[in-house]
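> Once you've had a glance at the structure underneath, I'll fire off some questions.
The values are calculated or read from the model by the stated rules, or taken from the named source; none is laboratory data. Quick caveat: nothing in here was measured; it's all calculated off a predicted structure. FYI the Cβ positions are ideal-geometry reconstructions off the backbone, even for glycines, and counts take in every protein chain you see. Keep in mind that these areas ignore ligands, DNA and RNA; they rest on the heavy atoms of the full protein, side chains included. Shrake-Rupley method; radii C 1.70, N 1.55, O 1.52, S 1.80 Å.
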Amino acid sequence: MTSQPDRVIIFDTTLRDGEQSPGASLNGEEKLAIARQLARLGVDVIEAGFPFASPGDFEAVQNIANLVGTPDGPTICGLARATKKDIDAAGKALKPAAKGRIHTFIATSDIHLQYKLRKSRKEVVVIAEDMVAHAKTYTHDVEFSPEDAGRSDPEFLYEVLERVIAAGATTVNIPDTVGYTTPDEFGRIIRGIKENVPNIDQAIISVHGHNDLGLAVANFLAAVQNGARQLECTINGIGERAGNASLEELVMALHVRRSFYNPFFGKPEGAEDPLSNINLEEIYKTSRMVSNMTGMLVQPNKAIVGANAFSHESGIHQDGMLKNKLTYEIVDAATIGRTENNIVLGKLSGRNAFATRLRQLGFELSDTDLNKAFLRFKEVADKKREITDRDLEAIVNDEIRQVPESFRLEMVQVSCGNPSAPTATVTLRLPDGSEKTDAAVGTGPVDAVYQAVSRIVDIPNELIEFSVQSVTKGIDAMGEVTIRLRHDEGVFAGHSADTDIVVASAYAYIAALNRLYVAIAAEASAEMEKAPAVAL
Ligand code: KIV
Ligand code: ZN
């Protein structure tokens, strides 16, 4: 019998399912930085990637297993389809982790069996139990997911779960892969599993769910009420299609409504001990880091971490807040680390103050990166009197999270006005080291820059997203630009921040092109080596 925890286990899949968001791909360094922050946040398990998917994924999981998977750190998990090759890759990548978990999965819904797998139920049960047994040869900690469980026949689900638990699965994860179930239904699925799988007390029940109908968090909370004890979630709810259940919403629901949820954990209503191991004050910082690194903006009205989540606009609300905060506020922003920091850096601040503040914000930079970031800080401080924490985040993310600069912006000049045709002149350094200058007219200054860059970089692509956000308030605020472009190889994001949004736009566009260029080069070398293509 596996002892059931008296709190939830938080399994973070930002680096695996979250990274499956279109255009959210991260390089190895970025993944490591996020994994380190997830460890500070206190997640129990980090799903670090899908090692068989590509050599880059393998290396990233191995690196995280090595550097973050310390004895007192989180469990590091790798995803594997129910095949020997996938499981072997995960087993090898996870070897350096003090606590490593293999997460293997195969679909169980009839629609997936018939159209995707073209296998019978009998075949799927045998594959599932064999592959769990194979994963056990690498680690005792094996998680099994019956993909599309939300639409699977419950009787078949019970049979598969019983067999994989008998084969050694220590966690059985129930995915609502297509975000189809409602909270009542999802709760009933979990209760059904508890009541009908005879050996269920030998495993932890986990849940994984997508947000296609906006119900993922509600579904998970219903699952908790019915016995689920592991929640698979992502920071800011990023992930495939409409995303995954959001970590910060789940954790804060269990925190703020502890007295409601306590009895489902066998505790008295008034018990004070936390229902998760998360360090709440790290939530906001983690959210910002993931948003900056993936280029996935957080909608302003997003619960807990959105820009407006703690702003009160209406006069009636403001009046109530002044009289007593409890009238309109159920969470103190400081609980999740959303404090207005009054230490503001400026152009006279030294390297030490800069480095100290960055450390306090959770950035641990190498000396080279710190020097680069400090130079950039000085440049920005020359134009902007006060540099806030948000500015610092933007600067560091901009300077540090660089893809190799195959194309490099050497010069951008724009002329515009009224009446005048917006015209941009751009000089780029090309991958072969040469320089090229071109000019173009556009509908506006940003479009002119985009056209001029496109004349130099001959890689066809479609601009599918262009967004500008002000980092802070004020006329001298930095603008953060996020660009997404589409090419046959997929969607590629670029992100940059500057006090001049035309310059930020140029850098963001070139960052996206550099990511695309790396993907094209990787594809070309994979073609040459005839590496197998893998898709979930
Ligand atoms: O959504 C899903 O079903 C998944 C599985 C791999 C767990 O991501
Ligand atoms: Zn998923």
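> Express the carbon and sulfur contribution to the solvent-accessible surface of segment 322-471 as a percent, rounded to the nearest whole number, probe 1.4 angstrom.
Details: 4190 of 8470 Å².
The C+S portion of the solvent-accessible surface of segment 322-471 is 49 percent.
> Rolling a 1.4 Å sphere over the protein heavy atoms, what is the accessible area per residue of segment 239-347, to the nearest Å²? Provide the component values of the computation, followed by the final result.
Numbers: 5620 Å² over 109 residues.
Accessible surface, normalised per residue, equals 52 Å².
> Could you provide, to the nearest whole Å², the per residue accessible area of segment 410-522 with probe 1.4 Å?
On the way: 5200 Å² over 113 residues.
Computed with neighbouring chains in place, this is 46 Å² per residue.
> For segment 151-192, give the percent of accessible area contributed by carbon and sulfur heavy atoms, probe 1.4 Å, rounded to a whole number.
Details: 760 of 1600 Å².
Carbon with sulfur: 48 percent of the solvent-accessible area.
> How many times 2.2 N^0.38 Å is the alpha carbon radius of gyration of the chain?
Numbers: Rg = 24.6 Å, N = 536, 2.2 N^0.38 = 24.0 Å.
That works out to 1.03 for the chain.
> Would you please give the residues with an amide H less than 5 Å from that of GLY23, counting only those at least 5 places away or on a separate chain, with H modeled from the backbone geometry?
The answer is VAL491.
> Which net charge results for the neighbourhood of ALA82, defined as the other residues with beta-carbon distances under 10 angstrom from its beta-carbon, given Lys and Arg at +1 and Asp and Glu at -1? Present the calculation step by step, with values, prior to reporting the outcome.
Details: positive: ARG81, LYS84; negative: ASP86, GLU129, ASP130, GLU147.
Surrounding charge for ALA82 is -2.
> Need the C-alpha centroid separation for segment 246-324 versus segment 188-238, integer Å.
Cα centroid of segment 246-324 versus Cα centroid of segment 188-238: 20 Å apart.
> While we're on this one: Taking the Cα centroid of segment 458-517 and of segment 377-445, what is the distance between the two, rounded to the nearest whole Å?
Cα centroid to Cα centroid, the span is 10 Å.
> Please state, to two decimals, what the Cα-based radius of gyration of segment 430-536 comes to when divided by 2.2 N^0.38 Å (N = residues). Don't skip to the answer; put the middle values down first.
Values: Rg = 15.9 Å, N = 107, 2.2 N^0.38 = 13.0 Å.
Against the empirical 2.2 N^0.38 Å value, I get 1.22 for segment 430-536.
> Now, a different point. Probe 1.4 Å, all protein chains in place: accessible area of SER420 in Å², nearest 10?
Its accessible surface works out to 60 Å², give or take rounding.
> Right, something else. Take each complete run of DSSP H in the chain, measure how far its Cα atoms stretch along the helix's own axis, and keep only those covering 20 Å or more with mean Kyte-Doolittle hydropathy at least 1.0; list them. Display every interim value, and only then the final one.
Values: long enough: 121-135 (21 Å, 0.43); 367-383 (25 Å, -0.79); 501-529 (42 Å, 1.02).
Flagged H segments are 501-529.
> Between GLU364 and ILE520, what length in nm is gained on full extension when 0.36 nm per residue of separation is reduced by their alpha carbon distance? If you can, show how the numbers build up before the last one.
Numbers: separation 156, 0.36 × 156 = 56.16 nm, distance 3.12 nm.
Length difference between fully extended and current span is 53.0 nm.
> Sticking with this one: Just tell me which aspartates and glutamates come within less than 16 Å, Cα to Cα, of LYS99; anything on the same chain fewer than 8 places away is out.
Filter leaves ASP12, ASP44, GLU47, ASP72, ASP141, GLU143.
> What is the sum of charges, Lys and Arg at +1 and Asp and Glu at -1, for the other residues whose Cβ falls under 14 Å from the Cβ of ILE483?
Values: positive: ARG484, ARG486, ARG515; negative: ASP398, ASP447, GLU462, GLU465, GLU480, ASP498.
Once positives and negatives cancel, what remains is -3.
> To the nearest 500 deg cm²/dmol, what mean residue ellipticity at 222 nm is calculated for the chain from DSSP H runs of n ≥ 4 alone, each contributing -39,500 (n - 2.57), summed and divided by the residues?
Calculated from helices alone, the mean residue ellipticity at 222 nm is -12000 deg cm²/dmol.
> Pairs of lysine in segment 268-387 with Cα under 27 Å and at least 8 positions apart or on different chains: total?
Lysine pair count for segment 268-387: 15.
> Compute the projected area of the convex hull of the Cα atoms of segment 53-154, averaged over all viewing directions, and report it in nm² to one decimal place.
Numbers: hull surface 27.3 nm².
Average of the hull's projected areas for segment 53-154 equals 6.8 nm².
> Counting Lys and Arg as +1 and Asp and Glu as -1, what is the net charge of the other residues whose Cβ lies under 14 Å from the Cβ of LEU513? Write down the numbers at each step before the final one.
Details: positive: ARG408, ARG429, LYS436, ARG455, ARG484, ARG486, ARG515; negative: GLU405, ASP458, GLU462, GLU489.
Once positives and negatives cancel, what remains is +3.
> Pull up all non-local amide H partners of GLU480: gap of 5 or more, or a different chain, and H-to-H distance under 5 Å with H placed in the peptide plane.
GLN469, SER470, VAL471
> For segment 94-142, report the accessible area per residue in Å² (1.4 Å probe, heavy atoms, rounded to an integer). Display every interim value, and only then the final one.
Details: 2520 Å² over 49 residues.
That works out to 51 Å² per residue.
> Among SER311, VAL414, SER349, which residue has its Cα furthest toward the positive end of the charge dipole of the chain, with +1 on Lys/Arg Cβ and -1 on Asp/Glu Cβ?
It is SER349.
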